[in-house]
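So the structure is just underneath, and the comments pick up after that.
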Amino acid sequence: MIPKAWRGRRSGFSLLVLAAGLLGALLGASPPAPVRDLDRRAFDLRLSLLPEVPAPLEVVLVLAREETLARMGRWPWPRRYHAALLDRLGEARTVVLDILFPEGGDPEDDALLARAAARHGRVVAAIHLAPGQGKAPPRILPPYDALFRGVADVGVTNVEADE
């Protein structure tokens, strides 16, 4: 049996817990800028506290720099160039294409790239998660269909600028 004096306190405490829960849900669903900034700083701090793991020696990055672009022509390169690169990287355990190919281009070049990815067997292509307009949910932009079917896997890339 609960004394009469405690009954009001118990309902007041329940309202306080309910209000705190609603406030937490509201902040989680649509956090204000200071809360987002604090969350990002906490994430950065957690990452900085992780032990450093040396990169394996067999990792090779192929980077297209300004000199390469000038020699091979301006971006975007024809997809046959990417197909030729995949063929040259045939011994690589995995190749990640950090390039978005959401729409088809020249049908012949598209087919060359898709076949080269399938032939290699261990190519990962990028899927972009594009923000929705207004209240619309984000949209998924996969690679063009033939490439999507030709790669071994896909990975989501996020190119949204961090504050």
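Kindly indicate whether any position in region 134-152 is of a type in the set (Gly, Ala, Ser), within 30 Å of residue 30 (Cα to Cα) and under 21 Å from the mean Cα position of the chain (by Cα). Before you say what the answer is, go through the steps one by one.
Pass one, region 134-152, residues of a type in the set (Gly, Ala, Ser): 134, 136, 146, 150, 152.
This time we only want the ones that are within 30 Å of residue 30 (Cα to Cα), so: 134, 136.
Remaining after also requiring under 21 Å from the mean Cα position of the chain (by Cα): 134, 136.
Looking through region 134-152, at least one residue is of a type in the set (Gly, Ala, Ser), within 30 Å of residue 30 (Cα to Cα) and under 21 Å from the mean Cα position of the chain (by Cα).
When 50, 86 are checked against the criterion of being surrounded by fewer than 12 Cβ atoms within 10 Å (Cβ to Cβ) and at pLDDT 80 or above, a single residue qualifies: 50.
Of the numbered criteria (1) of a type in the set (D, E, K, R); (2) out of contact with any strand residue (DSSP E or B) (no Cβ under 9 Å at 6 or more places or on another chain); (3) at pLDDT below 85, the one residue 108 fails is (3).
Selection over region 95-105 of residues that are farther than 12 Å from residue 154 by Cα and of a type in the set (Val, Ile, Thr) gives a count of 0.
The values are calculated or read from the model by the stated rules, or taken from the named source; none is laboratory data. As the structure is a computational prediction, the values presented were derived from the model and not from experiment. Every residue, glycine among them, receives a Cβ derived from its backbone with ideal geometry; neighbour counts consider all protein chains shown.
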